[in-house]
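The values are calculated or read from the model by the stated rules, or taken from the named source; none is laboratory data. Computed from a predicted model, the values in this text were never measured in an experiment. Note that each Cβ is placed from the backbone with ideal geometry, even for glycine, and that neighbours are counted across all protein chains shown. Remember, those area values only see protein heavy atoms, side chains included, never the ligands or the DNA or RNA. Shrake-Rupley method; radii C 1.70, N 1.55, O 1.52, S 1.80 Å.
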Amino acid sequence: MSIRTKLALIFLIVSVAPTTLTSFFAVDRAQKSIERQTREDLSLAAELVEGHILTFFERQKVRAADWSSDDHVRQETEEITRLPADPEAAEGDAMDRGRLLGEYLKNVKLPLDKTIYAAKIIDMRGVVIASSSGEEIGDAVPPDELEKKHAFARINGSKFADVFLSDLIEEKESRHADVAEIYLNVPIFSFSSDEAIGLLALEVGGDELNKILSGERQIELGALSGGLGRRETLDIYLVNRDNLMVTPSRFVENAVFKQRNDTGLVRGCLEKGEEMSGLYPNYRGVRVFGASMCPKERSWVLLVEIDESEVMTDFVRLKKLVFIFTGLIGLIAALIGLLCSQWFMRRIGSKLDVLEEVANGNFKARCPFDAADELGYCGDRINLMAEKLEGYFGSTNQLFEQVIKNSPIGIYTLDKNGTIETFNPKMVEFSGAKSAEEAIDTNALEIPAHKAVGLDKFFREGLAGKRFETEVKYASLATGKESFRHYFGVPLFGPDGKTVERLLLLVEDVIELKLLEAWKETFTKELRTSVAARTADLGAALAEARKLSAVVENGFEGVVITNDARGDGHFILYVNPAWERVTGWKKEEVIGKLSPRVLKSGAQGREFYERMWKTLTAGGTFLPEIVNKRKENTLYDAEIFHFPLTI
């Protein structure tokens, strides 16, 4: 994996990973917070609705107790129940008085509360003795109906004004469709004794409950809006002991006493008396947030539900935006990382190019100054190393140049494309050219004379990495003179040892070749030894350069390097850590920005500095003791060793 790829990946990971983790954490926390808040809001709404329902039932209980204490009702009930047990003897009088009492209930009592559909009085035998409808007088109430609707067994032993509520039941013969009904049963006591002589049963319609649950009731009382508000999927309803809905559904038509609801919240209320909230599939199979409320007698369950999709709509949009934003950050980070890595790689690449030049023997190669940072410092160190290597190997290179120049055999090189790069004087003599420049930059693979004798094929093999040796009959391009030449091709590989960068060609007449064969073998060995020695010396020089760099960086004496300009163009190029500790200045503050004049204390006069510059420009060294000024304006004595650097 390249450094560029590593830098891009590191930048991407460092910048995107925290953002991504933070985004996922924030989204998860926000989702849990929304879910918790929704359950709490629904529980609060359920408690409020439950309060309205219980208040309604309590008001009806008060109404039933009030009617049971009506003197006329009590008096007539007692008179009717005192009639002889013989139906034939009492039938006419009892029926007449029952109808009159029923008319009283219908015309006097029922108008007081429109939520009460009907009223009837049942004696202790279970026979209806008065009815607001006038149709049931004299009928015996079936035993199961006496218990289910009228809690008849609880009348004996009850107290005055005790009111017993039935479950929410379906009254199939009722005139009110899709409405559950409830019976309020209150005992009627005798004037002459404390015994119950019958019970008053009030049939209360569930449409008032429907209004409470839907919010219509509060609008009737003057509110501007109803209970369901602006929520499109908010559903408030009641479920009875049989797990049947007893109030209308907002989504399912004719749901009363037909739609089953067996969710965990319903079972929790009916089986354990636990009021709960949560997220679950409701009777429609839709995931909803819901809350339940149930009275102590567990006769019904109140449920307040809202679809999860509606609650989480804004959150889902926000989550998408967060993920899109995180993705954009990732793309931007990747782009920035790529650009930064390319910038660094260009700078590193330029230094690698110089190192490759040095490795190939070009010790005059230098790194250009690109920035006053670690890479810039690295370039300075490479330049210093190249200078030292140039000093070490300059004489050897000159020797090689003289050998090639004065060689009795023709020597020239081709680049990897087959173009002639160098052409020694002997080759100029062999070719009949006027000068080496006439041959240089010519593609040897395309010269007709080379093609005629098949040299171009040998050259291609050499550039492919294969040594070759051949003799050809060759006609000079310039003179047309024919001669026999011996060609020896040596591919020169690059630093990787695999890629051919040049082809070295040694050319001689066959006769001279035989005479000088022994010398050639010796020369080849010496050449290889010199290359190996140069490589070894290069490694030693590199190690020496690293040691010198470590000495400067870790030395106790402050070191500062400046350019040779005077006046406004005079800048600090390098300082070591010891100089930073002594002066109080950081290298980031001074390199390329300030001159050594920042340390000037005023203790030395103008003549001092003129003498210093005169000495340095003459190539000498200057060793004074002076007083300098630190960054915090304190003075210190220093012994300074000035000397010029030649680069």
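Could you sort 633-640, 328-335 so that the peptide with the highest average Cβ count within 10 Å comes first and the rest follow in order?
328-335, 633-640
For region 537-622, what D do you get in µm² per second when you plug the Kirkwood radius from alpha-carbon pairs into Stokes-Einstein at 4 °C and 1.567 mPa s?
Roughly 87 µm²/s, to the nearest whole number.
Filter the cross-link list 388/629; 106/149; 364/426 down to pairs whose alpha-carbon distance in this structure exceeds 32 Å.
388/629, as the Cα separations exceed 32 Å there.
List the GluC sites (Glu not before Pro) within region 275-318 that fall in a DSSP loop (any state other than H, G, I, E or B) and whose Cβ has at most 14 other Cβ atoms within 10 Å.
When the GluC sites (Glu not before Pro) of region 275-318 are filtered for loop state and at most 14 Cβ neighbours within 10 Å, 297 remain.
Rounded to the nearest percent, how much of the accessible area of the chain (1.4 Å probe, protein heavy atoms only) is carbon and sulfur?
55 percent
Only four residue types carry charge here, +1 at the Cβ of Lys and Arg and -1 at the Cβ of Asp and Glu. Report the dipole size of region 267-343 about the Cα centre in Debye, rounded to the nearest 20.
Magnitude of the dipole: close to 180 debye.
How much length, in nm to one decimal, is gained on full extension between residue 66 and residue 434, taken as 0.36 nm per residue of separation minus their Cα-Cα distance?
Length gained between residue 66 and residue 434: 118.6 nm.
Rounded, prolate or oblate: pick one for region 311-451, where a ≥ b ≥ c are the square roots of the eigenvalues of its C-alpha gyration tensor, a/c under 1.5 means rounded, and failing that, prolate if a/b is larger than b/c, else oblate.
Note, shape of region 311-451 comes out oblate.
Any idea what % of Cα-Cα pairs in region 395-473 are farther than 18 Å?
The calculated P(r) of region 395-473 puts 46 percent of pairs beyond 18 Å.
Which is farthest toward the positive dipole end of region 224-326 among 246, 318, 277, measuring Cα position about the Cα centre, with Cβ charges +1 (Lys, Arg) and -1 (Asp, Glu)?
Of the options given, the answer is 318.
Would you please classify the overall shape of region 210-276 from the alpha carbon gyration tensor, given that a ≥ b ≥ c denote the square roots of the eigenvalues, rounded means a/c under 1.5, and beyond that prolate means a/b larger than b/c while oblate covers the rest?
Note, shape of region 210-276 comes out prolate.
Taking the simple approach of a point 7 Å from Cα along Cα-to-Cβ for both residue 645 and residue 621, what is their distance in nm?
1.6 nm
For region 455-476 and region 611-647, write down the distance between their C-alpha centroids in whole Å.
62 Å
Answer with one residue from 286, 201, 214: the one whose Cα lies farthest towards the positive end of the charge dipole of region 145-293, charges on Cβ with Lys, Arg +1 and Asp, Glu -1.
Of the options given, the answer is 286.
Work out the FRET efficiency for residue 159 and residue 93 from their Cβ-Cβ distance, taking R0 = 35 Å, and round it to the nearest 0.05.
0.65
Please state, as a whole number in µm²/s, the translational diffusion coefficient that the Stokes-Einstein equation yields for the chain at 4 °C and 1.567 mPa s, with Rh defined as the Kirkwood radius across alpha carbon pairs.
Translational diffusion coefficient: 35 µm²/s.
For residue 360, what is the net charge nearby, where nearby means another residue's Cβ is under 13 Å from its Cβ and Lys, Arg count +1, Asp, Glu -1?
So the environment of residue 360 carries a net charge of -4.
Ranked from highest to lowest mean number of other Cβ atoms within 10 Å per residue, what is the order of the peptides 613-621, 282-290?
Packing order, densest peptide first, comes out as 282-290, 613-621.
In the chain, what cysteines have no partner Cβ closer than 4.7 Å?
Those would be 340, 367, 378, since no other cysteine Cβ in the chain comes under 4.7 Å of theirs.
Could you give the DSSP H helices of the chain that reach 20 angstrom or more along their long axis (alpha carbon positions) and whose average Kyte-Doolittle hydropathy is no lower than 0.5?
Taking the DSSP H segments of the chain (at least 20 Å long, mean hydropathy at least 0.5), we get 313-359.
Place a point 7 Å from the Cα of residue 547 along the Cα-to-Cβ direction; which residues of region 355-393 have their backbone N under 14 Å from it?
none
Put +1 on the Cβ of every Lys and Arg and -1 on every Asp and Glu Cβ in the chain; which of 98, 46, 358 then has its Cα farthest towards the positive end of the dipole?
358
Students often forget the sequence filter, so: which aspartates and glutamates lie under 13 Å Cα-Cα from residue 457 once same-chain residues fewer than 8 apart are removed?
446, 469
By what distance, in whole Å, do the Cα atoms of region 289-331 stretch along each of the three principal axes, largest value first?
62, 14, 7
What distance in nm separates the simple spin-label points at residue 529 and residue 350, each placed 7 Å from Cα in the Cβ direction?
It works out to 4.2 nm between the two label points.
Of 351/416; 120/296; 148/272; 61/296; 498/525, which pairs sit farther than 20 Å apart, going by alpha carbon to alpha carbon?
With Cα atoms farther than 20 Å apart: 351/416; 120/296; 148/272; 498/525.
Using 0.36 nm times the number of residues separating residue 637 and residue 44, minus their current alpha carbon distance, what extension gain do you get?
205.4 nm
Figure the gain on full extension for residue 442 and residue 484 (residue separation times 0.36 nm, minus the Cα-Cα span) and round it to one decimal in nm.
Full extension of this stretch gives 12.9 nm more.
Please compute the per residue accessible area over the chain with all protein chains in place, 1.4 Å probe, rounded to a whole number of Å².
56 Å²
Let me spell out the model: positive unit charges on the Cβ of Lys and Arg, negative unit charges on the Cβ of Asp and Glu, origin at the Cα centre of region 113-198. What dipole size does that give, in debye rounded to 20?
200 debye
Order the peptides 578-585, 204-211 from the highest to the lowest mean number of other Cβ atoms within 10 Å of their residues.
Ranking, from highest mean packing down: 204-211, 578-585.
Rounded to the nearest 20 debye, what is the charge dipole size of region 306-455 about its Cα centre when +1 sits on each Lys and Arg Cβ and -1 on each Asp and Glu Cβ?
Result for region 306-455 is approximately 280 debye, rounded to the nearest 20.
So what's region 302-366 giving for Rg/Rh, alpha carbon basis, Kirkwood Rh from the mean inverse pair distance?
1.63
What are the residues whose amide H is under 5 Å from the amide H of residue 585, where those residues sit 5 or more places off or on another chain and H is modelled from the backbone?
Answer set, sorted by chain and number: 631.
In square angstrom, rounded to the nearest 10, how much accessible surface does residue 390 have for a 1.4 Å probe?
For residue 390, solvent-accessible area is about 60 Å².
Just to be sure I understand the model, the point goes 7 Å from the Cα along the line to the Cβ. What's the resulting residue 406 to residue 148 distance in nm?
In this crude label model, residue 406 to residue 148 measures out at 13.2 nm.
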